[in-house]
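Just below is one structure, and these are the notes that go with it.
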Amino acid sequence: MTSSLRSNQAVLLAAAAFALLLGGLALAFYWVPQAPLEGFRQRIFYIHVPVALTAYACFGWGAWKALRLLWKRDRRYDLESYTAVHIGVIFGILTLVTGSIWARTSWGVWWSWGERQLVLFLVLFLFYCAYFMLRYSVEPGPRRAQMSAVYALFGVVLIPISFLAIRLAENFIHPVVFSRDVDENLTGSQAATFGVCLAGTLALAAALHVNELRGKRLDERLRELREALA
Amino acid sequence: MTAPAFPGLSYARDVAALARKDLLLELRSRDTLPAMLLFVVSTLVIFHFALPAGSSDVAAAGLLWVALVFTALLGLTRAFVAEREQRLLDGLVLAPCDRSAIWLAKALSIVAFLLLAEAVALPAFALFFDPVTAPMVAGIILADLGIAAVGTLLAAMAVASRARELLLPLLFLPLAIPIIVGGVGASVADDPGRYLGFLGLYDAVFAILSWATFEYVVTE
Amino acid sequence: MIAARGLERRYGEKRVLRGLDFDVPEGGFLVMTGPNGSGKSTLLALCAGLLAPTKGTLEVVAERHEIGFLAHEPLVYRELTALENLELYGRLYRISERRERIGMLLERFGLWDDRHERVSTFSRGMAQRLAFCRALLHEPRLLLFDEPYSALDGQGTELVDEELRSLAASKTLVVSTHDPDRLGPLATARLALA
């Protein structure tokens, strides 16, 4: 029912994440052949896109836990939902940063409104920052847990709706859409590298999630014991 | 207790009783609506001074939507003020009616306020800037539904928080971005139908979500 | 009708109620005492279902329409008249013969003449009496009263005395008060919160 694992499983997960990431980065920077058109800077794709997808996965996981909280009225899910969203925001910031770097190296600008993924992440970043403001301004308790869960559900619904909106907006905003000299289809080695990197970032997110949960649950337990003794 | 003929009928009656209360309250206090009217007209005047020469007409339409969203925010901030200050939400939540009826009644009254505010804003806009088109009006009506649906739920969240008026804009504005896109698109694009359809989709999705989750926001 | 085991409620870091165990049988009359901030209002709100316990269990065998709650605030809209307020609650509680019932309660609590006045013009005592009307409107089986005598003058206090006496005969009550001796003879159980 909960996401907490036994401590040796958690260590294994962290080790797997470490291995996959290290391996993935090595593959991305040393093994996979240079993209003929884009050049070296294309390699950031192997970080940027997995990080973005992992952020989506975290928000989705947070929303799933939120749904379970509302369905079962079980407050244990609150912490799981919160940490998932929390980690999702971290990956979201990374997405914005890596995307910005990629834009800078590709076109010389730090930001481009024509980059749909980037704009979407900006909107989501604002939304989930408000999630933290919400949590911060309500007393911890059943009400805060439920409100956070509802807001997390709104967030996950906002993702496709925002994406649609951004696409539609391009018709009248006409952002400067820079084109990339992209090698369209992923070759075998590229796909493999991407796969390893994606597995790595997902494993990293899972390891962080599990770790943070364990820490927070330990805090809770400690507090309970202190109170029981007081 | 009288048993209803159809379950939907008693729900409708609850909504009617609550909506009547909301409208009556506003009529009596007479502060939110005049404030919204004044706010939106003042904002439009500010926009005249804020738009440099050479700005397209289309820019004015965009700014109209900004004005509408912020005016709506003003109205939404006041939506549950009586319920918050006098803990009246407790009284409503204790009643045997479905909690989502509270949401629906409040959202309907918000739509009424927004329409009234726009009845003043649009002529002002037409006077100061550009004529108002039919797709723009359709967009405004659809946007009102979405704003009211989402805004009512978020306003109820803000009731329980310490930050109160500070919190509602933060929660609301990211969710308002698609509304702005739909609304401005309907106002300026060549094919407003697409944007109106998008606004309809937003309304449907978020109204259902708000209706279904309101209970969890006001109870424990 | 009410059963609490290990009931706990915390606000953030502060525990307002801790490890509470008590029972209220049907027809019982529980009188709650305790200093300000000891959690009397919190406990009543928990029984009413407005709050959820943060730990422990609280079983209340009563539906929402069977609970009458008198809070610290009168829970009436200040900008509506007494009559409009009761009409609203009357509709929400699906009361049959609404007009008659409202009229009767307003009379009983001495508010009939002021029924068309807005609550903002009422004194605190009158608002409290209106709150009684609201709480009793739907003939609830379980009554939860948070300091019912607060803000009442001599006449109001007598009214409430009478009301509590007649209610105690057939209903279940949980009443918090600073004046337990007044309710002494009616009480079947006492709970003192620290």
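Computed from the coordinates by the stated procedures, all read-outs in this text should not be read as laboratory data. Every value quoted in this text rests on a predicted model; they were computed, and no experiment measured them. Note: ideal-geometry Cβ built from the backbone for every residue, glycine included; neighbour counts use all protein chains shown.
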Notebook entry, point to check: What lysines sit close enough to B:Lys21 to cross-link, taking a C-alpha to C-alpha distance under 23 Å and skipping anything fewer than 8 places away on the same chain?
Noted result: B:Lys106
Next item on the list: Could you compute the FRET efficiency for B:Thr219 and A:Val176, with r as their C-beta to C-beta distance and R0 at 45 Å, rounded to 0.05?
Entry: 0.40
Margin query: Quick check: net charge around A:Lys72, other residues with Cβ under 14 Å of its Cβ, Lys/Arg +1 and Asp/Glu -1?
Written below: +2
Check: What net charge is computed for the residues neighbouring B:Leu127, neighbours being all others with C-beta under 15 Å from the C-beta of B:Leu127, Lys and Arg scored +1, Asp and Glu -1?
Finding: -3
Margin query: Report the rotationally averaged projected area of chain C based on its alpha-carbon convex hull, in square nanometres.
Written below: 10.6 nm²
Item checked: Net charge, B:Ile147 excluded, C-beta distance under 12 Å - Lys, Arg +1, Asp, Glu -1 -> -3
Check: Any idea which of B:Phe47, B:Val205, B:Ala112 is furthest toward the positive side of the dipole for region B:7-218, if Lys and Arg beta-carbons carry +1 and Asp and Glu beta-carbons -1?
Finding: B:Ala112
Next item on the list: For C:Lys14, go through the lysines and keep the ones whose alpha-carbon is under 23 Å away, minus same-chain ones fewer than eight residues off.
Entry: A:Lys216, C:Lys40, C:Lys55
Next item on the list: Treat the count of other C-beta atoms within 10 Å as a stand-in for reagent exposure and order C:His65, B:His48, C:His138 from fewest to most.
Entry: B:His48, C:His65, C:His138
Margin query: Counting only other chains, and only Cβ atoms inside 10 Å, what mean value do you get across the residues of B:75-86?
Written below: 1
Next item on the list: Could you please state, rounded to a whole Å, how far the C-alpha centre of region B:17-96 is from the C-alpha centre of region C:143-185?
Entry: 43 Å
Item checked: Förster radius 45 Å - calculated FRET efficiency between C:Asp153 and B:Ala212, Cβ distance, rounded to 0.05 -> 0.45
Note to self: Once you compute Rg and the Kirkwood Rh from C-alpha atoms, what is the Rg to Rh ratio for region A:139-226?
What the structure shows: 1.17
Next item on the list: Take the alpha-carbon positions of region B:7-218, form their convex hull, and give its projected area averaged over all directions (one quarter of the hull surface) in nm².
Entry: 12.0 nm²
Note to self: Could you list C:Tyr149, A:Tyr77 so that the one with the fewest beta carbons within 10 Å of its beta carbon is first and the one with the most is last?
What the structure shows: C:Tyr149, A:Tyr77
Checklist line | Förster radius 60 Å - calculated FRET efficiency between B:Ala134 and C:Glu100, Cβ distance, rounded to 0.05 | finding: 0.70
Checklist line | Label-point gap, in nm, between B:Leu127 and B:Ala12 - each point 7 angstrom along Cα→Cβ | finding: 4.0 nm
Next item on the list: Assign unit charges at the C-beta atoms only (+1 for Lys and Arg, -1 for Asp and Glu), then state the dipole size of the protein assembly as shown relative to its Cα centre in Debye, rounded to the nearest 20.
Entry: 1460 debye
Next item on the list: Show that you can apply the helix-only estimate: for chain B, add -39,500 (n - 2.57) for every DSSP H stretch of four or more residues, divide by all residues, and state [θ] at 222 nm to the nearest 500.
Entry: -28000 deg cm²/dmol
Margin query: Need one value for C:71-80: mean number of C-beta atoms belonging to other chains within 10 Å of its residues' C-beta atoms.
Written below: 6
Check: Quick one, what does Rg over Rh come out to for the protein assembly as shown if you take C-alpha atoms and the Kirkwood Rh?
Finding: 1.04
Item checked: Contact order relative to length of region B:7-218, as percent, for alpha carbon pairs under 8 angstrom and 6 or more apart -> 27 percent
Next item on the list: Take C:Ser176, C:Ser166 and order them by how many other Cβ atoms sit within 10 Å, fewest up front.
Entry: C:Ser166, C:Ser176
